[in-house]
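Below is one structure, written out as structure tokens; the observations come after it.
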Amino acid sequence: MIQLFRIRDIPVRIDAGWLLIFGLVTWSLASGYFPHVLPARSAAAYWLHGLLAAALLFGSVFLHELSHALAALDQGVPVGGITLHVFGGVSQLDAEPPTPRAELLIALVGPLTSFAIAGLCLVADRLIDGPAAFHAVAGYLVAINLVVGIFNLVPGFPLDGGRVLRATLWWWTGRLSVATRIASRCGSVVALALVALGALRALAGDLVGGLWFVLVGLFLHQAARSSWELMRVRARLEPLRVEDVMTRAPLVADLIVPLAEAGTALGAEQVVRPRDTAWQAFLKLGKSRGGRVAVVDGHALVGVVSDRDLQNVLAARDSRRADAAPRAA
């Protein structure tokens, strides 16, 4: 993971796989799209146009994700970062939106941003009397941003359309967990449909396009399952306090966490308080490089919470739930 910069204290990163997809998109444009719309140009010109169009495409994806992140901050939802990856981009929200309305606003602003970019590029294409290459790039950006906006409105969680569906179900049922379960199942259905469509395209001779649909479908299926599992973890950890799950062993903690870090030198992402929820500890553990966070009461180190601590708690709660389940006679 490579961090590029920060906007409003939101880290913007690129995944290593993004470099691969950037190269593939550039190659596709330089070898396919631009030779078709701009015949009789040099190979160097095609590659230059392809590089520019690919950069503007991913700039558009970044603006799509940035709009989500800024809307989330406006609704009081902390944002852990923006990551561009092989399948596009994602804004990491460190908490669920507080209301269905907030969820709806955060979800819709992304596709609306893509549609706005498409509209601006269309206006530029129609009103500016530029060279043919300018219009070729503008036309590509119109089409690709429309595709990004429309695809993200497909009602499959965690796509934006799936989040719109979840917001609607949340408002209707009053229960975020129920809304997440239904929206995640819809996401799995959409994912399997993409896999099936990809297989059909591959059988019809479009091997590369078919494989891409299959990969996107598998990615979406995994994301939908992970979103539901994360909601289940939250439901089990949120009622608990850090003091209920932490390891209360100051001497051991001093060995694990350097004493120099036990005071205010520790960053906010490495510290929880005894009265914080276990879910908050879980979120901070996700950002901790050492697989543990310190529990600080005032300026005193009173324990640590590790991945193993939370795994033990989750296993114990699952075991109690299984024991309490009615058994057939």
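The values are calculated or read from the model by the stated rules, or taken from the named source; none is laboratory data. A quick note: this is a predicted structure, and the numbers were derived from the prediction, not measured. FYI the Cβ positions are ideal-geometry reconstructions off the backbone, even for glycines, and counts take in every protein chain you see.
Here's the yes/no breakdown for (1) touching a residue at least 24 places away in the same chain (Cβ under 8 Å); (2) among the hydrophobic types (A, V, I, L, M, F, W, C); (3) over 30 Å from GLN280 (Cβ atoms):
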| site | (1), (2), (3) |
| --- | --- |
| TRP27 | no, yes, yes |
| ALA30 | no, yes, yes |
| PHE34 | yes, yes, yes |
| SER42 | no, no, yes |
| GLY59 | no, no, yes |
| HIS64 | yes, no, no |
| HIS68 | yes, no, no |
| GLN75 | yes, no, no |
Which condition number does LEU169 fail, the rest of (1) crowded, with 19+ Cβ neighbours inside 10 Å; (2) among the hydrophobic types (A, V, I, L, M, F, W, C); (3) within 30 Å of LEU51 (Cα to Cα) being met? (3)
Only one of these conditions is not met by ALA44: (1) more than 20 Å from VAL216 (Cα to Cα); (2) assigned to a strand (DSSP E or B). Which number is it? (2)
Residue satisfying all of: in the range 42-95; aromatic (Phe, Trp, Tyr) and under 18 Å from the mean Cα position of the chain (by Cα); nearest to LEU211 (Cα to Cα) among these: PHE87
Within the group GLU103, GLU65, which residue is crowded, with 17+ Cβ neighbours inside 10 Å, assigned by TED's automatic domain parsing to the domain that holds ARG175 and in contact with a Phe, Trp or Tyr (Cβ under 7 Å, 6 or more places away or on another chain)? GLU103
Verdict on LEU211 being farther than 20 Å from GLU103 by Cβ, at pLDDT 90 or above and in the same structural domain as ARG41 (by TED's automatic domain parsing): no
For the range 103-120, indicate whether the set of residues that are among the β-branched types (Val, Ile, Thr), touching a Leu at 6+ places or on another chain (Cβ under 8 Å), within 27 Å of ALA281 (Cα to Cα) and touching a residue at least 60 places away in the same chain (Cβ under 8 Å) is non-empty. no
Taking TRP18 as meeting all but one of (1) in contact with a strand residue (DSSP E or B) (Cβ under 7 Å, 6 or more places away or on another chain); (2) within 19 Å of ALA53 (Cα to Cα); (3) exposed (fewer than 15 other Cβ atoms within 10 Å of the Cβ), write down the number of the exception. (3)
Look through VAL77, VAL86 and report the one residue that is surrounded by fewer than 21 Cβ atoms within 10 Å (Cβ to Cβ), β-branched (Val, Ile, Thr) and more than 22 Å from VAL216 (Cβ to Cβ). VAL77
Flagged pairs (Cβ under 8 angstrom, 6 or more apart or on separate chains; first in the range 125-150, without any contact (Cβ under 8 Å) to a residue 12 or more places away in the chain; second surrounded by fewer than 17 Cβ atoms within 10 Å (Cβ to Cβ) and in a helix (DSSP H, G or I)) are ILE128/PHE134
What is the number of the single condition among (1) surrounded by fewer than 23 Cβ atoms within 10 Å (Cβ to Cβ); (2) under 20 Å from the mean Cα position of the chain (by Cα) that ALA179 does not meet? (1)
